[in-house]
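Engineer: Before I ask anything, here is the structure I am working with.
The values are calculated or read from the model by the stated rules, or taken from the named source; none is laboratory data. Note that the structure is a prediction, hence the values are computed from the model and not measured. Note that we place each Cβ from the backbone using ideal geometry, even for glycine, and neighbour counts take in every protein chain shown. To get the accessible areas, we keep the full protein, side chains included, count just its heavy atoms, and leave off ligands, DNA and RNA. Shrake-Rupley method; radii C 1.70, N 1.55, O 1.52, S 1.80 Å.
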Amino acid sequence: MSTDRLNSLSKEVKPESVMLCPLGMAVAPEQKLLCIFGTGDLGRSLGQRLLQSGYRVVYGSRRPHSCGPLPQGAQVMNHAAAAQLASLVFICIHREHYNFLETLAPELRGKVLVDVSNNPKKNLYPEANAEYLQRLIPESNVVKAFNTMSAWALQNGPSDANRQVYLCGNSAEAKQAVAETATKLGFAVLDRGSLSAARELEDFPLQLFPEWRLPLRIAFGLTAFFFIYLLIRDVIYTYVNEKKDISFRIMVSLANKVFPIVSLIMLSLCYLPGVIAAVVQLYRGTKYKRFPDWLDHWMLCRKQLGLLALGFAFLHVLYTLIIPIRYYVRFKISASTISKIKENRTTEFDNTAAWRTDSYYAVGILGFGLYVLLGISSLPSVSNALSWREFNFIQSKLGYLTLFFCTFHTYLYGWSKFLHPSYYKWYTPPGYMLCLVVPSVVLVLKLLLLLPCVDRSITRIRKGWERSEPDDDSKKTLLTQDCHI
């Protein structure tokens with residue numbers, strides 16, 4: 001449409017026409033321009049996210065005309081020209097290429113430089129990348145941020161990835177500028193202090209399951225121990241004493257014994273530290289003393305222990321479901337049937353055995369259902385929707401109920417086997433008997449802690465009460481007082 005045409009239309013507007021918005025809002029405010037040095041995967045994903053959030057983006061590149069595909073709507077030019085246009089510059093390049101930035105010191109003077117780099121391994125350089133960048137360009141304000149975010153996380157946004165952006169820097173104004181940008185992108189900002197914390201932030205992406213190391217070691221150790229233990233009792237013992245080769249049972253039968261054993265022990269290990277912590281507080285008479293480091297670390301990895309236990313429980317369920325279709329089981333059933341037909345005999349219905357097996361399966365199903373509920377409630381998307389009381393009810397009350405059902409399920413499996421010497425091969429107890437030790441201890445200790453006088457004492461301690469000094473004869477210990485109430 002031509003300019004004359006627009007002028008003629010504006011003259012036709014009648015005086016009684018009403019403006020739907022104030023005159024000052026007719027022109028939208030200019031979008032803020034941000035600069036990105038680097039056109040790699042992270043730089044492109046970051047630019048795409050900035051453009052989607054309403055920013056204008058200019059890239060600085062060594063080869064502006066051949067830097068590959070960039071997000072639509074972004075500009076690209078050489079580093080010096082790009083740096084002059086923006087007050088905030090994202091440095092999305094590797095540390096070994098930082099030297100050229102020293103030549104851009106005049107253009108970067110007073111700018112906020114966001115260092116997003118990481119190293120391939122720890123302690124590769126004597127100082128953090130962000131500190132090195134600050135030393136190269138001392139007149140700029142370096143902020144370490146976005147280095148814990150992957151290109152995938154930036155591209156997909158906070159709804160599908162980590163919502164937290166860690167940052168650190170020496171300038172409060174510079175950190176505020178970066179924090180506002182991260183917030184506009186939809187991320188939560190965590191300020192870790194001065195630039196001296198940059199090395200800690202750079203080590204974050206190099207960590208490989210730090211919270212899972214102890215649970216994985218426990219799971220591996222228990223699995224290896226019980227696999228070897230049951231291999232000796234079931235396979236090697238049979239071969240030595242009966243000259244039968246049943247090594248084929250290793251793949252399913254032996255594994256289906258190991259998985260539930262490890263699962264039950266690891267589930268009980270989730271609740272054992274809580275019981276120990278209660279005993280420690282009761283013994284000390286206060287909640288204001290730190291737990292031992294080993295107990296503190298144990299309590300922090302209970303979620304990982306529970307999830308691994310749930311994984312072993314799932315394997316047990318899957319292995320159990322394939323039992324009817326196994327060749328060994330089908331052969332054994334058909335051979336037994338043919339033998340009874342030839343001998344013209346039948347087996348009488350055992351009502352006790354029917355009750356035991358049905359109870360065994362029913363309790364196992366209930367325990368596994370509660371198991372799954374615990375796992376679902378531990379997911380961040382679910383736990384965030386629960387109040388603390390709801391979360392505590394599921395993880396604590398229903399958690400102990402789950403442990404009880406799973407333990408009772410194992411007791412029903414063993415039934416009266418412990419009374420028969422034939423089950424103690426080479427004078428060793430069956431595996432299920434060993435796995436009952438820890439959960440039984442946990443449940444018994446929990447029942448003792450639920451006694452009114454003990455529970456009242458722990459509740460008062462956790463509300464802030466402290467036991468009087470031993471030399472104060474005018475006061476008795478809390479536990480003694482409550483047990484006489």
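Engineer: In percent, how large is the relative contact order of region 66-187, given Cα pairs closer than 8 Å and 6 or more residues apart?
Structural biologist: 20
Engineer: May I ask you to compute the full-extension gain from Arg62 to Ala224, defined as 0.36 nm times their residue separation minus their alpha-carbon distance, rounded to one decimal in nm?
Structural biologist: 52.8 nm
Engineer: Another question, then. I'm spelling it out carefully: the read-out is Cα Rg over 2.2 N^0.38 Å, the candidates are (1) 1.28; (2) 0.96; (3) 1.46, and one was derived from this structure. Which label?
Structural biologist: (3)
Engineer: Are there trypsin sites (Lys or Arg not before Pro) in region 213-260 that DSSP marks as loop and that have at most 14 other Cβ atoms within 10 Å, and which are they?
Structural biologist: Within region 213-260, the qualifying trypsin sites (Lys or Arg not before Pro) (loop, at most 14 other Cβ atoms within 10 Å) are Lys243, Lys244.
Engineer: Now for a different question. Measure up Lys303/Lys397; Lys397/Lys446; Lys303/Lys463 against 21 Å on the Cα-Cα distance and list the ones that go over.
Structural biologist: Lys303/Lys463
Engineer: Run the simple label-point estimate for Met299 and Ala255 please: 7 Å along Cα→C-beta, distance reported in nm.
Structural biologist: Taking the two extended label points, one gets 3.8 nm.
Engineer: Looking at this model, which pairs from Lys122/Lys175; Lys144/Lys289; Lys243/Lys417; Lys244/Lys425 are more than 27 angstrom apart at the alpha-carbon?
Structural biologist: With Cα atoms farther than 27 Å apart: Lys144/Lys289.
Engineer: Expressed as a whole number of Å, what is the distance separating the alpha-carbon centroids of region 398-452 and region 321-368?
Structural biologist: Measuring centre to centre over Cα atoms gives 24 Å.
Engineer: So in the chain, what percent of DSSP beta bridges are antiparallel if you round to the nearest 5?
Structural biologist: 10
Engineer: Which is farthest toward the positive dipole end of the chain among His316, Ile228, Thr337, measuring Cα position about the Cα centre, with Cβ charges +1 (Lys, Arg) and -1 (Asp, Glu)?
Structural biologist: Of the options given, the answer is Thr337.
Engineer: Zone of Asp41 (label point 7 Å along Cα→Cβ, backbone N under 16 Å): which residues in region 198-213?
Structural biologist: In region 198-213, the label zone of Asp41 (backbone N under 16 Å from the point 7 Å along Cα→Cβ) covers 205-206.
Engineer: Classify region 90-186 as rounded, prolate or oblate, taking a ≥ b ≥ c as the square roots of the eigenvalues of its Cα gyration tensor: rounded when a/c is under 1.5, otherwise prolate if a/b is larger than b/c and oblate if not.
Structural biologist: Oblate shape, in that a/c is at least 1.5 and b/c is the bigger or equal ratio.
Engineer: Please give the contour-minus-distance gain from Ala385 to Gln31: 0.36 nm per residue of separation, less the Cα-Cα distance, rounded to one decimal in nm.
Structural biologist: Gain on extension, Ala385 to Gln31, equals 123.9 nm.
Engineer: Go ahead and estimate [θ] at 222 nm for the chain from helices alone: -39,500 (n - 2.57) per DSSP H run with n ≥ 4, summed, over the residue count, rounded to 500.
Structural biologist: -16000 deg cm²/dmol
Engineer: Let me ask something else. Go through region 318-411 and name the trypsin sites (Lys or Arg not before Pro) that are in a DSSP coil and have 12 or fewer other Cβ atoms within 10 Å of their Cβ.
Structural biologist: Answer in residue order: Arg345.
Engineer: Percent of accessible area on the chain owned by carbon and sulfur, 1.4 Å probe?
Structural biologist: Its accessible area is 61 percent carbon and sulfur atoms.
Engineer: A further question on this structure: Place a +1 charge on the Cβ of each Lys and Arg in the chain and a -1 charge on the Cβ of each Asp and Glu, then give the dipole magnitude about the Cα centre in debye, rounded to the nearest 20.
Structural biologist: Dipole about the Cα centre, nearest 20: 1360 debye.
Engineer: Further question on the same structure: Charges at C-beta only: +1 for Lys and Arg, -1 for Asp and Glu. How large is the resulting dipole of region 337-465 about its Cα centre, in Debye rounded to 20?
Structural biologist: 380
Engineer: Roughly what would the spin-label model give for Trp212 and Ala353, points 7 Å off Cα along C-beta, in nm?
Structural biologist: 4.4
Engineer: Ok, one more. Can you bin region 195-292 into rounded, prolate or oblate? Criterion: square roots of the alpha carbon gyration tensor eigenvalues sorted a ≥ b ≥ c, rounded for a/c under 1.5, prolate for a/b above b/c, oblate for the rest.
Structural biologist: Oblate, since a/c reaches 1.5 and b/c is not below a/b.
Engineer: Another question, if that's okay. Taking GluC sites (Glu not before Pro) that fall in a DSSP loop and have at most 14 other Cβ atoms within 10 Å as cut points, what is the longest piece of the chain between them?
Structural biologist: Within the chain, the longest run free of exposed GluC sites (Glu not before Pro) spans 140-347.
Engineer: Excluding Tyr229 itself, what net charge comes from residues whose Cβ is under 14 Å from its Cβ, given Lys and Arg +1 and Asp and Glu -1?
Structural biologist: +2
Engineer: Keeping every protein chain present and rolling a 1.4 Å probe, give me the accessible area per residue for region 32-114 in Å².
Structural biologist: Per residue, region 32-114 has 45 Å² of solvent-accessible surface.
Engineer: Here's another thing I want to ask about it. So which trypsin sites (Lys or Arg not before Pro) in region 104-137 pass both tests, a DSSP loop state and at most 15 other Cβ atoms within 10 Å of the Cβ?
Structural biologist: When the trypsin sites (Lys or Arg not before Pro) of region 104-137 are filtered for loop state and at most 15 Cβ neighbours within 10 Å, Arg109, Lys121, Lys122 remain.
Engineer: Let me ask something additional. Using every Cα-Cα pair within region 138-278, state what percent have a distance larger than 17 Å.
Structural biologist: Roughly 74 percent, once rounded to a whole number.
Engineer: Considering only protein heavy atoms, what is the solvent-accessible area of Thr357 at a probe of 1.4 Å, reported in Å² to the nearest 10?
Structural biologist: Looks like 50 Å² after rounding.
Engineer: Classify region 349-470 as rounded, prolate or oblate from the Cα gyration tensor: take a ≥ b ≥ c as the square roots of its eigenvalues, call it rounded if a/c is under 1.5, otherwise prolate when a/b beats b/c and oblate if not.
Structural biologist: Because a/c hits 1.5 or more and a/b fails to exceed b/c, region 349-470 counts as oblate.
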